Amino acid sequence: MKARSMLLTIVVCFIAFAVSYAQNPHMGTWKLNEAKSKIPAGMMKNTTVTYAEEGDSVKVTTDGTLGDKPVKTEWTGKFDGKDYPLTGDPTADSRSYTKVDDRTLTLDNKKDGKVTTHGRIVVSPDGKTRTLTASGKDSAGKKITSTAVYDKQ
């Protein structure tokens, strides 16, 4: 009887752990909804963004363009506010994500330790859309802001 209770407790804990990971609304593949987005020249346009669990970290990959050049970025880290290496982005070499709440993240892209882009990501309550509001500077040093709306795939 004691062994059965212990086994049942372990199974319940495992299921609760699995469900908590499955409920992260950021995970999955997101496609840019260009009709709802406002991305000025000089800002990277990510047409596809994928968040995937990788061990105890998250891997974020993007496919898009910067100007007329294709860009693919990769970042693996945690949503803990610490900088982790970013590859593929000519304007940044590290990125940090900070979890604000279950549906909201902030991010900072940095080049040589200086913030080049700051953003806020919010997933809708129904989990079907995500909006990235980002600000940075163009090549002339002028502040620019973009809003990118993504649909969950």
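The values are calculated or read from the model by the stated rules, or taken from the named source; none is laboratory data. These figures come from a predicted structure and were not determined experimentally. Ideal geometry is used to build each Cβ from the backbone, glycine not excepted, and the neighbour counts take in all protein chains shown. To get the accessible areas, we keep the full protein, side chains included, count just its heavy atoms, and leave off ligands, DNA and RNA. Shrake-Rupley method; radii C 1.70, N 1.55, O 1.52, S 1.80 Å.
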Discussion item. Against the definition (touching a residue at least 24 places away in the same chain (Cβ under 8 Å) and on the phi < 0 side of the Ramachandran plot), how does Asp56 come out, yes or no?
Written reply: no
Worksheet item: Which residues, taken from the range 61-80, are loosely packed, with under 13 Cβ neighbours inside 10 Å and in contact with a strand residue (DSSP E or B) (Cβ under 9 Å, 6 or more places away or on another chain)?
Response: Pro70, Asp80
Worksheet item: If you go through the range 116-135, how many residues are farther than 23 Å from Arg103 by Cα and not hydroxyl-bearing (Ser, Thr, Tyr)?
Response: 0
Worksheet item: So is Thr98 touching a strand residue (DSSP E or B) at 6+ places or on another chain (Cβ under 6 Å), open to solvent by 50 Å² or more (accessible area, probe 1.4 Å) and in a strand (DSSP E or B) or not?
Response: yes
Fill in: Candidate set: the range 16-42, residues that are aliphatic (A, V, I, L, M) and modelled with pLDDT of 60 or more; chosen: the one nearest to Lys137 (Cα to Cα)
Ala41
Worksheet item: In the range 110-131, what residues are open to solvent by less than 40 Å² (accessible area, probe 1.4 Å), in a strand (DSSP E or B) and without any contact (Cβ under 8 Å) to a residue 24 or more places away in the chain?
Response: Gly119
Worksheet item: Taking interchain pairs and intrachain pairs at least six residues apart, which have beta carbon atoms under 9 angstrom, with the first residue in the range 141-153 and among the basic types (Lys, Arg) and the second assigned to a strand (DSSP E or B) and at pLDDT below 95?
Response: Lys143/Gly136; Lys143/Lys137
